[in-house]
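Taken together, the values in this text are just the output of simple stated rules run on the coordinates, not laboratory data. Everything numeric in this text was worked out from a predicted model, so none of it was measured. Every residue, glycine among them, receives a Cβ derived from its backbone with ideal geometry; neighbour counts consider all protein chains shown.
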């Protein structure tokens, strides 16, 4: 937050969040006016969100005040007539700050909230990490044949047990238990297609004849592979929070002053990105099966949003329909021993294993271990946490399990506040909705009537909501869909 000049009378207050392009653009415009600008990050000061909502009637950021005069968002600022802007600037320069000026964080809250994570992660080395390091260089790892197929970088259960007995001096029972621990802790995985699949090791002839691989050798194109996660796994929610905050801070540093472009090249060579990648490796062995609904929602929303940025850095931003299809079906992380693409996270986990756009089948088959992680039902609110409105952002960028439902409702409210989320034309009795409501209609109630009812229930109190209530109660309403501007997502 910028310090105010001691001789200044008034101030411009901007409520914003980190990584919001519209906030950056507003600040760039305000910075050229020669008035004191005080920025309040409601991501760091969520206690101020209700007051801002009360003062503005809006859920989006930025929200801008000249002294106690509410201007609106970035769009409203850019549309101000020069003479009106001049009047407001002079008011701030010449008039004292009124007592009902919008609030700033209290000193003690500012101090506590200011302690941001710098992405430093204390790695407590796992007890099996040294053993795995030795196993990587052992002669037991090689090419193994099963029928007509050769499995590279693999070893049988028998070979592992023999190696543990011979090289590590373990008794047979201890060696089998160690193999089971390596499986449970996701250091090694059963080779798909090489025999019967189960989660036991050393129990019966089948598991000892089966083939295994070290997780880092399992062939996939996930962006967080190539090295082994050797730290004791930390809680999934904590890890997703760290990763999201790290990449968001990095993203913000490389967002242009006008909020219109991202320097992905500069971002990819920033040492902070290397630290992010090292931390993303820790997702490999994170525990997912014990997560409750709220923890799953927060974890996978944060990871999805971080993975989109990571994918943009590694592969570039998709610019056409085919590139987008490829991007969302291929960009992935190895999480808890399984590969999850963006498509898997959105449609498999967060939408309760429903078919996505251009998908013929559900993401997870009945025998897919990832199905255990999927939510039992689709959560329609996730669509507004995985997307940002083109004219204003939700005041939340990182989601927490403790308050996830309230945060998601706020994100939906913010989305519907924007005219590119929902437009209501009382004269024509027409409602124009974002394509999201067309693509994922089943999540919102299947019929136009049910979709409109859902939209009404998730709108904040506003003239738009009153208009929608009016045309819905009058009877037949026409529903159409707004063009989707993919370009707006290039900065998210």
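Brief remarks on what is shown
- The range 236-379 - percent relative contact order, Cα under 8 Å, separation 6 or more: 21
- Each principal axis of the Cα cloud of the range 236-379 was evaluated for its coordinate range; sorted largest first, these ranges are 46, 34, 23 Å.
- Dividing the helix sum by the residues of the chain, where each DSSP H run of 4 or more adds -39500 (n - 2.57), gives a mean residue ellipticity at 222 nm of -11500 deg cm²/dmol.
- Here the peptides 449-457, 83-91 are ranked by packing, the mean other Cβ count within 10 Å, and the order with the highest first is 449-457, 83-91.
- For the chain, the relative contact order is 14 percent, taking Cα pairs closer than 8 Å that sit 6 or more residues apart in sequence and dividing their mean separation by the residue count.
- Taking the longest Cα principal axis of the chain as reference, the axis of helix 321-330 is set at about 50 degrees.
- A simple packing score, the average count of other Cβ atoms within 10 Å per residue, orders the peptides 34-44, 59-69 as 59-69, 34-44, with the highest score first.
- Axis of helix 157-168 versus longest Cα principal axis of the chain: the two differ by about 80°, to the nearest ten degrees.
- Taking 7 Å steps out from each Cα toward its Cβ at residue 315 and residue 227 produces label points 2.3 nm apart.
- Difference of contour (0.36 nm per residue) and Cα-Cα distance, residue 180 to residue 466: 96.9 nm
- Cα pair count fraction exceeding 42 Å, expressed as % - the chain: 28
- In the range 1-82, the DSSP beta bridges split such that about 60 percent are antiparallel, to the nearest 5.
- In plain terms, the residue of 434, 462 with the fewest other Cβ atoms within 10 Å comes first and the most crowded comes last, giving 462, 434.
- Taking the DSSP beta bridges with both ends in the chain, the antiparallel portion is around 75 percent.
- Against the main long axis of the alpha-carbon atoms of the chain, helix 21-31 sits at an angle near 40°.
- Our summary gives the range 403-491 a relative contact order of 36 percent, counting only alpha carbon pairs under 8 angstrom and 6 or more residues apart.
- Residue order, fewest to most beta carbons within 10 Å, for 296, 53, 366: 366, 53, 296
- Working note: Debye formula, equal point scatterers on the alpha-carbon atoms of the range 12-113, no solvent; log10 I(q)/I(0) at q = 0.16, 0.17 Å⁻¹ is -0.66, -0.75.
- Each residue in 47, 127 was given a count of other beta-carbon atoms within 10 angstrom of its own, and listing them fewest first yields 127, 47.
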